[in-house]
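A quick write-up on the structure given underneath.
The values are calculated or read from the model by the stated rules, or taken from the named source; none is laboratory data. Given the structure is predicted, the values throughout are model-derived calculations rather than measurements. Cβ sites come from the backbone with ideal geometry, for glycine too, and all protein chains shown count toward neighbours. Just so you know, the surface numbers come from the protein's heavy atoms only, side chains and all, with ligands and any DNA or RNA stripped out. Shrake-Rupley method; radii C 1.70, N 1.55, O 1.52, S 1.80 Å.
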Amino acid sequence: AMEEAARCLLCEDAPCSAGCPAATDPGKFIRSLRFKNIRGAAETIRENNPLGACCAWVCPYDRMCEKECSRSGIDRPIQIGRLQRFLMEEENMAFLPVVPATGKKVACIGAGPASLACARDLALAGVQVTVYESREKAGGVLSFGITPTRLPQEVVDQDVAQIERLGVKFVFGKKVDKAGLEKLQKENDAVFVGVGLWGSKTPGIKGEELKGVESALDFLEQARTSGGQVGISPEDTVLIIGGGNVAMDCVATAKQLGTRAMIVYRRTIEEAPADIEEIRFVQNMGVPIFTEFAPEEILGKDGKVAGLKCKSRDGYSEMTLKADRIIFAIGQTQVAEYQDLKTAPGLFVGGDASHPAGITVVESVAEGKAAALDIVKFLG
């Protein structure tokens, strides 16, 4: 880490810092690390990024801070992601003080990245924050939608523990519907909605009702919470439809469970929205990726999936693949309760809740931080 930090050009106006949506300030923490101030470097990350440890694992550095690195014009960018991961390894460091309460109360709905970031910054302003989460633990997509290979659960728990230490309270197993939202608005000075996109898109093709067809989020959540007991065996062939990071998480998970896993994607590798590192990861696992083929029909036998019929982008070629399980990873939608939810006096919305197409974890953190500032101004 010291050797890599020594490559830094110590830019006065560091472009890498400008390239981070959450303002983690890599220019500053790399400078501290270079001068052997490891605690100061970690403190910079923790002060600026409520989910500093998680972002160190899942950020698309290659198209954010590392892309902007001045060193790129000489040889290669500083490995900012790996340096941040190194600095976040010490989980017992406590940098931020517990702030005396001001008497103001705010409820955050959902315990995903945006809500966690908002709750942390509100707690630092002396606001009493309660986070309501329908599942049994905090993290949202971090805990239930990303394979542990990319993001170990202990890393998520580390960030949540730092936030909880500041006095943020969590209520688990509490799903907040529209009536519940109105009740929370009456009981609190403000409410922040940061629920994720937990509805799944399907292509609307024949055979979707067959047993063995499921959404990516359902598959990943089941795999992560059941210790891999997802009802598939090593002899099964699992097809994942899609070309984003979620599709890569699904195929990596299926491969690690010992199945014959492969991806079918309707465009080229170059057009795939997944980060190149994620694509390389699954390719190195030996996962076949069939590009420029779109699903046309799911074939079944006795009410269960038997195969997938695909049509090529050229409109001429066809392909039929055997399948025992088909997982659609072609995008998520907002759950019905929060579709078209808009901000209003005392009601703030951020993260995936305000972006139908979804955003990255670090962008959600940035929105949560911005919402916290708006709420503090609103509370006077």
Discussion item. Which condition from (1) modelled with pLDDT of 95 or more; (2) open to solvent by 70 Å² or more (accessible area, probe 1.4 Å) is the one that GLU12 breaks?
Written reply: (1)
Worksheet, complete the sentence: Of the residues in the range 252-280, those that are farther than 16 Å from ILE330 by Cβ, assigned to a strand (DSSP E or B) and either in contact (Cβ under 8 Å) with a residue 60 or more places away in the chain or of a type in the set (A, V, I, L, M) (or both) come to ALA261
Item to complete: Take GLY126 and decide whether it is of a type in the set (Gly, Ala, Ser) and part of a loop (DSSP other than H, G, I, E, B).
Response: yes
Worksheet item: Only one of THR24, THR44 is assigned to a loop (DSSP other than H, G, I, E, B) and β-branched (Val, Ile, Thr); which?
Response: THR24
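Just the residues that are among the polar types (S, T, N, Q) and in contact (Cβ under 8 Å) with a residue 12 or more places away in the chain, please, taken from the range 318-349.
Passing the criteria: THR320, GLN332, THR333, GLN334.
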Worksheet item: Identify, please: which residue in the range 258-279 is more than 24 Å from ASP324 (Cβ to Cβ) and more than 21 Å from the chain's Cα centre (by Cα) and is, among those, least open to solvent (accessible area, probe 1.4 Å)?
Response: THR268
Discussion item. Just to check your reading of the model, which residue among GLY196, GLY204 is open to solvent by 40 Å² or more (accessible area, probe 1.4 Å) and assigned to a loop (DSSP other than H, G, I, E, B)?
Written reply: GLY204
Worksheet, complete the sentence: Checked pairs for the range 152-164, first within 13 Å of TRP57 (Cβ to Cβ), second assigned to a helix (DSSP H, G or I) and not small (Gly, Ala, Ser), C-beta under 7 Å and 6 or more apart or across chains, list as VAL155/CYS54; VAL155/TRP57; VAL156/CYS54; VAL156/LEU142; ASP159/CYS54
Practice prompt. Please find, among VAL160, VAL127, VAL99, VAL155, the residue that is closer than 24 Å to GLY244 by Cα and open to solvent by 10 Å² or more (accessible area, probe 1.4 Å).
Written response: VAL155
Worksheet, complete the sentence: When every residue in the range 145-179 that is β-branched (Val, Ile, Thr), part of a helix (DSSP H, G or I) and within 14 Å of the chain's Cα centre (by Cα) is compared, the one farthest from ARG135 (Cα to Cα) is VAL155
Discussion item. I'd like to verify a number: residues in the range 282-297 that are of a type in the set (S, T, N, Q) and either at pLDDT below 95 or part of a strand (DSSP E or B) (or both), how many?
Written reply: 1
Response to the item:
For the range 369-380, pairs from a residue that is in a helix (DSSP H, G or I) to a residue that is surrounded by 14 or more Cβ atoms within 10 Å (Cβ to Cβ) and acidic (Asp, Glu), with Cβ under 6 Å and 6 or more apart or across chains, are LYS369/ASP121; ALA372/ASP121; LEU379/ASP189
Discussion item. Whether any residue in the range 296-318 is surrounded by 20 or more Cβ atoms within 10 Å (Cβ to Cβ) and not hydrophobic (A, V, I, L, M, F, W, C) is what I want to check.
Written reply: no
Response to the item:
Flagged in the range 339-356 as in contact with a strand residue (DSSP E or B) (Cβ under 9 Å, 6 or more places away or on another chain) and aliphatic (A, V, I, L, M), in numbering order, are LEU341, LEU347, VAL349, ALA353
Worksheet entry | Residue list for the range 298-341, filter: outside any strand (DSSP E or B), of a type in the set (A, V, I, L, M) and in contact with a Ser or Thr (Cβ under 9 Å, 6 or more places away or on another chain) | ALA323, ALA329, ILE330, LEU341
Worksheet entry | the range 48-85, residues that are open to solvent by 80 Å² or more (accessible area, probe 1.4 Å) and either in a helix (DSSP H, G or I) or not hydrophobic (A, V, I, L, M, F, W, C) (or both) | ARG63, LYS67, GLU68, ASP75, ARG76, ARG82, ARG85
